[in-house]
Amino acid sequence: MGELPPYTLLNLSAGVNRNGTQLEVRVDNAINSLGELTRFSACTPTTCNQPYVIPVQPRTVWLTFGQKF
């Protein structure tokens, strides 16, 4: 199966707080690279050529809103 290919993850976040109201935006894996955490094979006695790949988390966007009373 060889070595895993190199990849880069970029997580970003920013927030604003004004007049008791807060807003935060977070992006995980912003560049959405096709990284692989691991890979393995589930072999049968006759064949061992089907690799299974565990990918990195896909791009995820979080939006958080809050207010103080």
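Among the candidates Glu3, Glu24, single out the residue that is among the acidic types (Asp, Glu) and part of a strand (DSSP E or B). Just a single option satisfies the conditions, and that option is Glu24.
Looking across region 27-49 at every residue that is surrounded by 10 or more Cβ atoms within 10 Å (Cβ to Cβ) and of a type in the set (A, V, I, L, M), the one that is farthest from Pro5 (Cα to Cα) is identified as Val27. In region 50-69, the condition of being among the charged types (D, E, K, R) and open to solvent by less than 90 Å² (accessible area, probe 1.4 Å) is met by no residue. The listed residues are Leu37, Leu63, and the only one of them that is touching a strand residue (DSSP E or B) at 6+ places or on another chain (Cβ under 7 Å), in a strand (DSSP E or B) and in contact (Cβ under 8 Å) with a residue 40 or more places away in the chain turns out to be Leu63.
The values are calculated or read from the model by the stated rules, or taken from the named source; none is laboratory data. Note that the structure is predicted; figures quoted are calculated from it, not measured. We place every Cβ from the backbone using ideal geometry, glycine too, and count neighbours over all the protein chains shown. When the accessible area is computed, the model is the full protein with side chains, heavy atoms only, and any ligands, DNA or RNA have been set aside. Shrake-Rupley method; radii C 1.70, N 1.55, O 1.52, S 1.80 Å.
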